[in-house]
Structure formats: C-alpha cells, structure tokens
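One structure is given here, and the rest of the page talks about it.
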Amino acid sequence: MEFRDNEAIYLQIAAFVSENILAGKWPAEQKIPSVRDLAVELEVNPNTVMRSYEFLQNQGVIYNKRGLGLFVAPDGYDKIKAYRRDRFIEQDLQGIFRNMYLLDINFDEMQQWYERFKKDNYKSDNNDENK
C-alpha cells in the first residue's frame, strides 16, 4: 500500500479496511486480519494498525470477539457506507463541483464517465440501479 502524505496513515488503513468491507471481500460476521497480519501485509507498525482498528471499532464497523479476533459488525457495511458517504459529501464533492464548473463539464458528460468507470472496474450486479 502506498500512503499519501496529506492524511494520517491510520486513517488510510481504516479506509483500506472499509473498502474491503464495502467491496464485499469482508462480509458481515467475517473475521478480519489480525493486527500483526495486516501490519506485515501493509508494512507498517502494528500500533498503527491497532489505532485503525480502534477507530473502526468506535464507529461500530468492527467488533472484538474475545479470544477469537476482530470481526465485521452485522451492520458494519451500512455504518461504513454512511460514514464514507457523509465524508465524501463534506470533503470531496465541493472540489469536484468546482472542477466541473471551471472545466465546463456537465452532468450528462459526468454520467457517461461514471458509467464507463463502473463497467471497467466493477462487476454488474443487482444493485446497479441503486448506485
């Protein structure tokens, strides 16, 4: 994983875990990698991964089964989706709209790019009409 300088590493790791949950790689009630395993995989200090996991536990996205490890919460998908959606609207959307305005990109053109992106990057599923 390549980390960006403009955001804390623990938040980038939390985003990585969240993306695995949102993409369906780690469904509800599935055990997630241990702190040590994820630290080795991402080549970071285990304390950084622990901080990421604590952040996600505080959000109610993951939970600890004593003696067994950390698991995706039953409603973890919904919680992380709501959190990430709010964060996107508050932090990213203004910049996207500014660029659309300055570059004279209309919503129809943006829709075409979005549809192409989905086709090129994600499998078609039954939820396409909801996305």
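Exactly one condition in (1) modelled with pLDDT under 95; (2) more than 22 Å from Tyr122 (Cβ to Cβ); (3) aromatic (Phe, Trp, Tyr) is not met by Phe71; state its number.
Phe71 satisfies all of (1) modelled with pLDDT under 95; (2) more than 22 Å from Tyr122 (Cβ to Cβ); (3) aromatic (Phe, Trp, Tyr) except (1).
Taking the conditions exactly as written (surrounded by 15 or more Cβ atoms within 10 Å (Cβ to Cβ), over 15 Å from the mean Cα position of the chain (by Cα) and over 19 Å from Asn64 (Cα atoms)), does Leu42 satisfy them or not?
Yes: the conditions hold for Leu42.
Going by what's in this entry, would Ser18 be described as modelled with pLDDT of 95 or more, under 13 Å from the mean Cα position of the chain (by Cα) and farther than 25 Å from Tyr122 by Cα?
For Ser18, the condition - modelled with pLDDT of 95 or more, under 13 Å from the mean Cα position of the chain (by Cα) and farther than 25 Å from Tyr122 by Cα - is not met.
If you take the residues in region 18-36 that are in a helix (DSSP H, G or I) and within 10 Å of Val49 (Cα to Cα), which one is least open to solvent (accessible area, probe 1.4 Å)?
Val35
Being out of contact with any helix residue (DSSP H, G or I) (no Cβ under 8 Å at 6 or more places or on another chain) and either open to solvent by less than 50 Å² (accessible area, probe 1.4 Å) or modelled with pLDDT of 95 or more (or both) is the filter here, so list the residues in region 1-14 that pass it.
Selection gives Glu7, Ala8, Gln12.
Looking only at region 11-50, count how many residues are of a type in the set (Lys, Arg) and in contact with a Leu (Cβ under 9 Å, 6 or more places away or on another chain).
1
The values are calculated or read from the model by the stated rules, or taken from the named source; none is laboratory data. Keep in mind that what you see is a predicted model, and the values were worked out from it rather than measured. In this analysis, Cβ positions are derived from the backbone assuming ideal geometry, glycine residues included, and neighbour counts consider all displayed protein chains. Just so you know, the surface numbers come from the protein's heavy atoms only, side chains and all, with ligands and any DNA or RNA stripped out. Shrake-Rupley method; radii C 1.70, N 1.55, O 1.52, S 1.80 Å.
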